[in-house]
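This report concerns only the one structure given below.
The values are calculated or read from the model by the stated rules, or taken from the named source; none is laboratory data. This one's a predicted model, so the numbers in the text were calculated from it and none came from an experiment. Neighbour counts are summed over all protein chains in view; Cβ atoms, including those assigned to glycine, are modelled from backbone coordinates with ideal geometry. Just the protein is used for accessible areas: all its heavy atoms, side chains included, with ligands, DNA and RNA removed. Shrake-Rupley method; radii C 1.70, N 1.55, O 1.52, S 1.80 Å.
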Amino acid sequence: MLKANFITAEEAAEKIQDGSTLCTIGMTLVSASESVLKAIECRFEACSHPSNITLVHSCGQSDRKNGIQHLAHEGLVKRIVGSHWGLQPKWMEMIAGNKVEAYCLPQGQIAQLYRSMACGLPGKMSKVGLGTFIDPRIEGGKMNDRTRPLADIVDIIDYNHEEYMFYKEIPLDTVLIRGTVCDEMGNLTTTEEAMKLEVLPAVLAAKRYGGQVIAQVKQVVQTGTINPKDVTVPGVFIDHIVVCGNPEEDHRQTSSWYFDPSYCGQIRVPRGNIAPAPFNERKFIARRGTQELYRGAVINLGTGIPNDMVGKVCNEEGVSDDIMITVESGIYGGVQAGGIDFGIGQNLYAMIGHHEQMDYYNGAGVDITFMGMGELDENGNVNSTKMGPRCTGAGGFIDITQNAKKVVFLGTFTAGGAEYEFRDGKLTILQEGKIRKMVKKVAQLSFNGSMARKKKQDVLIVTERAVFELCKEGVKLTEIAPGIHLQTQVLDMMDFRPIISENLKEMDAALFVQNGPFGLTLKNAK
């Protein structure tokens, strides 16, 4: 009988060669192989090896202190190719400080690139990224001065008289994955993981290039005791297995807890046990966003206000069963955890692979996506990926917004210390934010407003004091919150002059209800 090769985390770290390419699979801290990542960090600190590796990751993989934060050392990683670093302060510092070559690619394109590489292709073609900072004619996804003189890792190609992005192959030397249990042959399950992710495509991509696969598991069971349909990766594709010695610390289901069966579909919790979100400006903005919903809509929730608030508002309003909430990780329905536990949820109806979810977002396009917003300019361009030297990266933002039938951006009107009071159906600005978000030109082109207008994409921008829509002529102001002065608190706080609707109206007074539901009524299906 074939036998799996069991090694220690320290031995696994020694398998990573200087100058090689390491691919890690996970999202936030979900499925992070902490034992091995810590061992790699310890080895580097002890003997400066491995060194000068290329780190490839499709999703943000940290909770601000763990995950691939362990690899954020100058000299350990020479180049990082990833999508999101918002929960990885060390990586943002290294990128801003030019201590690493840094390429940002859309999250879904990296996840799907593994599949393209696995089946022998030289890369992946897609329209996702055209006209954004990923486009090599703009920035090529190069996130700092150190990277700008280097070769592009994406090209523009012409096929049948249409432009496409071409994401070039990245040969993988090592892929690091995590599972729940494996048997003595190495057949691996992910039954207690809170996401399916893109584990198998990445594994097969490594095999295509003659690379190795290292898996961290919680437990080993007897061969033949695992239902074959529960096997995520057949043992024949796994070279080395590390059994985690301290699961409560290094094999957590997610950052905030060790294991909760309701997040992997093993149980469901009563809806009344899911607490409503406290009332504040974020909930107010989310409420206004949910007024765009209609029965039967399939929606996506991005990071920030969308994931933290929209699902909870829908649950509180009792409309969750009349729509289908999805998240880029591949989850359907339920109530999302949000924050540092982004991408997982309780009481789900379905869970598919991360790369498969992106097939839907890139192809058919979700009905409505709710996304965060960093900056908006007069052309309707949005920056949600780089604020000053702080580069959070794209995540799934570009994959999803470019193809969604409707995009609803949710964000505060200003940033940096703004304070609000919601009372008697009116909004009062107690302290204005220090940073303007309505700018003449965005610092980085995450969403191309001109392209959206050309294809007549439905786009709405919702803030606590004003609502805008993208129209043929530009950005149009359509609503204002009761209590807000149009000139001094909206127009004077913008670096460009929006089109003002002839039918400018006040936002719904019901949005100000602070205790209990505000009375959301869904529109009829389109």
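Relative to the dominant Cα principal axis of the chain, helix 281-290 is inclined by about 90°. Expressed in units of 2.2 N^0.38 Å, where N is the residue count, the Cα radius of gyration of region 192-281 is 1.42. Out of every Cα-Cα pair that region 120-173 contains, those further apart than 18 angstrom amount to 35 percent.
The Rg/Rh ratio for region 88-225, using Cα coordinates for both the radius of gyration and the Kirkwood hydrodynamic radius, is 1.06. For region 35-87, the average shadow cast by the Cα convex hull is 3.4 nm², which is a quarter of the hull's surface.
Over all pairs of different C-alpha atoms in region 244-336, the reciprocal of the mean inverse distance, the Kirkwood hydrodynamic radius, equals 14.6 Å.
Computed over region 75-227, relative contact order equals 21 percent, with contacts defined as Cα pairs under 8 Å that lie 6+ residues apart.
Values of log10 I(q)/I(0) for region 376-434 across q = 0.13, 0.14 Å⁻¹ run -0.53, -0.60, by the Debye formula with one identical scatterer at each alpha carbon and no solvent. Can you work out D for region 271-321 in µm² s⁻¹ from Stokes-Einstein, where Rh is the Kirkwood radius over C-alpha pairs, the temperature is 20 °C and the viscosity is 1.002 mPa s? Once the numbers are plugged in, D ends up at 191 µm²/s. Axis of helix 107-118 versus longest Cα principal axis of the chain: the two differ by about 30°, to the nearest ten degrees.
Skipping prolines and chain starts, which residues have an amide H placed within reach, meaning under 5 Å, of the one on residue 481, given they are 5 or more residues away or on another chain? Distant-sequence amide H within range of residue 481: 466, 507. Loop-located trypsin sites (Lys or Arg not before Pro) in region 69-139 (DSSP state not H, G, I, E or B) with no more than 11 neighbouring Cβ atoms inside 10 Å: 137. Over all alpha-carbon pairs in region 147-189, figure out the percentage whose distance exceeds 12 Å. The share of Cα pairs beyond 12 Å in region 147-189 comes to 77 percent. Taking only protein heavy atoms and a 1.4 Å probe, the accessible area of the chain is 49% carbon and sulfur.
Protein heavy-atom accessible surface, 1.4 Å probe, per residue over region 163-209: 28 Å².
Computed on the chain, with alpha-carbon pairs under 8 angstrom and 6+ residues apart, the relative contact order is 13 percent.
How large is log10 I(q)/I(0) at q = 0.18, 0.25 Å⁻¹ when the Debye formula is applied to the Cα atoms of region 279-377, each weighted equally and without solvent? Log10 of I(q)/I(0), two decimals: -0.79, -1.51.
Couplings 3J(HN,Hα) for region 501-506, derived from phi with the Karplus relation 6.51 cos²θ - 1.76 cosθ + 1.60 (θ = phi - 60°), are 4, 5, 10, 3, 10, 7 Hz, where x marks Gly and Pro.
In the full protein context, region 401-526 carries 50 Å² of accessible surface per residue, based on a 1.4 Å probe and ignoring ligands, DNA and RNA. For region 359-408, the C-alpha radius of gyration divided by 2.2 N^0.38 Å, with N the number of residues, is 1.20. log₁₀ I(q)/I(0) of region 333-376 at q = 0.21, 0.27, 0.32 Å⁻¹, via Debye over equal Cα point scatterers, no solvent, to two decimals? After summing over all Cα pairs, the log10 values are -0.96, -1.17, -1.13. The listed peptides 169-179, 449-459, 351-361, ordered by packing as a protection proxy, come out as 169-179, 351-361, 449-459 (highest mean of other Cβ atoms within 10 Å first).
Relative contact order, whole percent, for region 241-311 stands at 21, derived from Cα pairs under 8 Å and 6 or more residues apart.
Specify the angular offset, from 0 to 90 degrees and rounded to the nearest 10, of the alpha carbon long axis of helix 199-208 from the longest principal axis of the alpha carbons in the chain. Around 50 degrees separate the two axes.
The Rg/Rh ratio for the chain is 0.98, where Rg is the radius of gyration of the alpha carbons and Rh is the Kirkwood radius.
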